[in-house]
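For reference, the structure discussed in these notes is given below.
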Amino acid sequence: MILNESNYYSPEANREYMSASQYKAFLRCEAAALAELNGEYEREISTSLLIGSYVDAHFSGTLDIFKAQHPEIFKRDGTLKAEYVQADYIISRIETQPVMMHLLSGEKQRIFTGEIGGVAFKAKLDSFLDGEATVDLKVMKDFEPIYIEGEGRVPWYQAWKYDTQGAIYQELVRQNTGDRLPFIINGATKETEPDLIALNISQDLLDYELKQVEENAPRFDAIKKGLILPTRCEKCAFCRRTKVVSIIDSEVLDYD
């Protein structure tokens with residue numbers, strides 16, 4: 001299947017190819033990821049996610065289409081809700097930054113495909129600067145470390161697996177161009193006065209994450225193909241929705 005703008009997000013493309021977002025979904029909960037892939041479950045689209053998509057749409061030149069597809073971002077009088085007025089302010093702050101604007105000046109929404117760990121992958125890049133860098137635009141709450149169970153407080157870009165996304169992007173670009181380009185996050189926060197960053201993810205971290213993808217992707221692909229059963233995390237919304245209650249002893253509960 002040859003991917004293009006119209007079929008990139010189609011169910012057929014998602015079944016044939018794994019993406020960074022799909023891979024991360026399987027890391028969170030295999031059962032939920034498979035159910036979503038099969039059209040049996042749909043994650044709620046949060047305001048937080050929409051704000052990021054709004055900013056992405058502006059810099060990809062598709063904001064008018066985004067607004068038409070999401071009437072929920074408007075008040076009854078036709079003006080933007082406060083969250084999206086703030087998104088416009090975030091955009092204006094980014095546009096004052098020469099480095100960030102240069103990083104966003106590459107080819108928009110360039111599609112790459114390839115194989116990692118023997119599994120077909122796809123990627124759609126926010127900004128591809130040929131011979132220079134692969135750039136992804138992220139809008140988040142703040143740049144503070146995030147607590148992850150079993151790991152403690154980790155940097156935000158690791159907590160959200162943006163390093164994993166970067167490893168996938170870098171490898172697909174390398175397979176198609178021969179260049180192993182830096183992966184840079186153009187980041188902005190949703191704070192009243194946004195913080196901004198252009199963050200070059202270290203090559204050592206990208207190399208490590210690529211190895212993790214190579215190890216995990218074949219299992220996730222086998223789950224997609226129905227060859228093995230997915231595991232449930234028993235913590236996410238999907239697992240709560242599909243939970244079958246049985247009697248358990250209080251000693252098995254762990255609140256640490």
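The table for this structure:
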| quantity | calculated |
| --- | --- |
| Contact order normalised by residue count of the chain, Cα under 8 Å, 6+ apart, percent | 20 |
| Loop-located GluC sites (Glu not before Pro) in the stretch 63-124, at most 14 other Cβ atoms within 10 Å (DSSP) | E95 |
| In nm, spacing of pseudo-spin labels at A198 and R153 (7 Å Cα→C-beta vector) | 2.9 |
| Pairwise centroid distance, computed over Cα atoms, of the stretch 172-231 with the stretch 83-112, Å | 20 |
| Global size of the chain as Cα Rg and Dmax, reported in angstrom | 19.4, 60 |
| The stretch 72-176, relative contact order in percent, only Cα pairs under 8 angstrom and at least six apart counted | 19 |
| Rounded to 5, percent antiparallel among DSSP beta bridges of the chain | 70 |
| Selection from A68, I94, G78, by position along the positive dipole direction of the stretch 37-110 (Cβ) | I94 |
| Choice from G226, G187, G166 showing the highest fluctuation, given a GNM over the chain with Cα pairs closer than 10 Å | G226 |
| Within the chain, longest stretch free of exposed trypsin sites (Lys or Arg not before Pro) [DSSP loop, at most 16 other beta carbons within 10 Å] | 181-224 |
| Listed residues S127, S21, S92, most fluctuating in the chain (Gaussian network, C-alpha, under 10 Å) | S92 |
| Rounded to the nearest 20 debye, dipole of the chain from Cβ charges on Lys, Arg, Asp, Glu | 620 |
| E107 versus L227: modelled label distance in nm, points set 7 Å from Cα along the beta carbon direction | 3.2 |
| Cut-off 19 Å, label 7 Å out along Cα→Cβ of S246, residues of the stretch 17-32 by amide N | 31 |
| Estimated dipole of the stretch 108-256 in Debye, rounded to 20 [Cβ of Lys and Arg +1, of Asp and Glu -1, Cα centre] | 880 |
| Relative contact order (%) - the stretch 158-229, alpha-carbon pairs under 8 angstrom, separation at least six | 28 |
| Most mobile listed residue (F220, F74, F128) in the chain, GNM with C-alpha springs under 10 Å | F74 |
| DSSP beta bridge pairing in the stretch 110-210, given as percent antiparallel to the nearest 5 | 70 |
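A short reminder: the numbers here are calculations on the coordinates, not readings from a lab. Just so it is clear, the model here is predicted, and its values are computed rather than measured. For neighbour counting, all protein chains shown are included, and Cβ atoms are generated from backbone atoms with ideal geometry for every residue, glycine included.
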